[in-house]
Every structure is written in C-alpha cells, then in structure tokens.
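What follows is a set of notes on a single structure, which appears directly below.
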Amino acid sequence: MMIDPLVLLQAYSIGVFPMADDRDADDVYWVEPKRRAILPLDGFHLSRSLAKVVRRDRFRVTANRAFAQVLALCAESAADRPSTWINHEIEVAYRHLHERGYAHSVELWEGEELVGGLYGVALGRAFFGESMVSRRPDASKVALAWLVGRMRFGGFTLLDCQFMTDHLRSMGAVEISQRAYLQLLGEAVAGVELGAGAALSGSGAAASLAFDPLSRDADASLSPPPSFTVSGPVSGHSIVQLLTHTS
C-alpha cells in the first residue's frame with residue numbers, strides 16, 4: 001500500500017519519518033529518534049579543499065530536474081552500502097510528494113551524467129534531509145554545501161539530518177535532544193496547515209526561493225549570473241561567499 005502523502009507530511013511535522021529494514025522489505029515502520037542530528041545553517045563546515053571544489057564549479061548543480069533519478073541512485077546498493085532503507089513503497093511515496101511540490105532534490109552533473117546529489121522534504125522553514133549519494137569524490141559534500149547555501153537564502157531555519165554519521169559531523173552537524181528538536185521543528189513549521197482534508201499545494205515560499213532558481217531549463221543554468229538579490233547564490237563562487245559570510 002502507498003503511504004498517504006498527507007499522513008507522511010503530518011508525520012514530519014511532529015518529528016516522525018518512515019524507514020524500511022531493506023530495499024526489498026515489505027514493511028515500513030515509523031521512527032522518532034531520541035537524539036536527533038541537525039546541521040545548523042550558520043555552522044556548516046566548509047573546508048579549504050571543499051571551498052576550492054565548489055568555487056571552481058567542478059560539477060553542474062541543479063534542483064528538481066532529476067528527482068526520481070536521485071532517489072533511485074540513493075536506493076542503489078554500493079560497495080560501502082550493500083543495502084538501503086529505501087524500499088519500493090518509500091520510493092513511490094516520495095515520488096508522489098515530489099509531484100505535489102514537497103520533496104526536492106539537488107543534482108550534481110558531469111556533462112549529462114548524474115554523479116551525485118541528495119533529496120529530502122521541505123515543510124515551512126524546515127528541510128528534512130533523507131539521503132545523499134556520491135558517484136564521484138566530494139559530490140555529496142558539494143550537494144550539501146549548495147543545499148545549505150540555498151536554504152540560508154530561502155529563509156529556512158532547520159536542516160534535519162535524522163541520524164548522526166562521521167560524514168555529517170565533519171560538515172558541522174550536531175546532535176540534540178528530542179525535546180530541543182521538537183522546539184526547533186515547531187517554530188519551523190508554524191503556520192503550515194496539515195489538518196484532515198488539507199489541500200497539498202507545495203512546500204511554500206522558503207522552498208520556492210531555495211530551489212526554483214536551480215530548477216529552470218538547462219540552457220538558462222549553464223552560466224547563471226551571480227546574484228544575492230534576485231535568485232540568490234547560483235554559482236559555486238557565490239555559494240562559497242554566502243557560506244563564509246558571518247553576520
């Protein structure tokens with residue numbers, strides 16, 4: 001059975017998300033971690049080496065142009081990840097959320113080849129990171145840098161990473177208590193209407209500001225002009241500027 005999109009969004013709004021034990025598992029269960037990993041948007045760790053990769057635009061970065069492909073790539077087995085928690089039911093559910101404007105992807109390309117990216121769910125001013133993938137060195141780090149930069153421009157306040165990993169910790173993620181997380185979550189989704197019969201009309205203004213400028217047709221994205229006033233950071237150079245700016 002498909003996970004109902006409204007139920008899925010309601011779950012996120014109270015700090016719960018679905019997982020499966022294996023790619024081919026039949027069942028889905030709901031998770032609410034006692035300790036939550038988040039990445040403070042003003043605490044992203046941009047190393048010199050990563051800044052160099054981002055600034056040079058080694059990868060072409062887009063958003064919401066290849067959501068299904070990013071999701072499928074995240075669900076694939078790899079040498080360091082023989083299986084994933086993304087079973088077929090979960091894959092279908094997030095594709096439906098994407099069609100309704102709530103699930104978003106960041107894609108990294110070498111020419112016409114998709115070589116990395118990430119996806120997650122946006123609700124109000126919260127982004128719930130689900131999975132990221134690399135098929136080239138540094139690809140997932142670059143995707144995360146772009147996500148944080150675009151989220152900062154869009155006015156997001158919460159980047160939920162769910163579970164802590166060494167990779168996320170090296171990028172600036174921290175663990176907080178469930179109580180502290182729910183406080184941040186409540187503030188981030190305040191005003192979002194998800195009651196029974198709610199019309200699902202997309203993630204809202206923050207997501208539009210963050211992702212729409214990267215979702216335009218390919219020709220318009222090949223050499224976008226840096227801008228902090230209209231489209232926000234749309235080049236690697238401007239992403240690095242934003243991430244290293246301190247108020």
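At 1.4 Å probe size, with every protein chain present, just tell me what the per residue accessible area of segment 69-149 comes to in Å².
Numbers: 2750 Å² over 81 residues.
Heavy-atom accessible area per residue stands at 34 Å².
Out of segment 80-119, which GluC sites (Glu not before Pro) are coil in DSSP terms and have no more than 12 other C-beta atoms within 10 Å?
Values: sites: Glu89, Glu91, Glu99, Glu107, Glu110, Glu112, Glu113; in loops: Glu112.
Taking segment 80-119 and a limit of 12 other Cβ atoms within 10 Å, the loop GluC sites (Glu not before Pro) found are Glu112.
The distance from the alpha carbon centre of segment 102-136 to that of segment 8-82 is 7 Å, rounded to a whole number.
On full extension of the chain, what length is gained from Ser201 through Ala68, given 0.36 nm per residue of separation minus the C-alpha to C-alpha distance? Mind dumping the intermediate values first?
Working: separation 133, 0.36 × 133 = 47.88 nm, distance 1.97 nm.
Roughly 45.9 nm would be gained on extension.
The packing ranking of peptides 50-61, 25-36, 160-171, highest mean first, is 50-61, 160-171, 25-36, where packing means the average number of other beta carbon atoms within 10 angstrom of each residue.
The values are calculated or read from the model by the stated rules, or taken from the named source; none is laboratory data. Since this is a predicted model, take the numbers as computed values, not measurements. Glycine gets a Cβ as well: all are built from the backbone with ideal geometry, and neighbour counts include every protein chain shown. Calculation scope for accessible area: heavy atoms of the full protein, side chains included, ligands and nucleic acids excluded. Shrake-Rupley method; radii C 1.70, N 1.55, O 1.52, S 1.80 Å.
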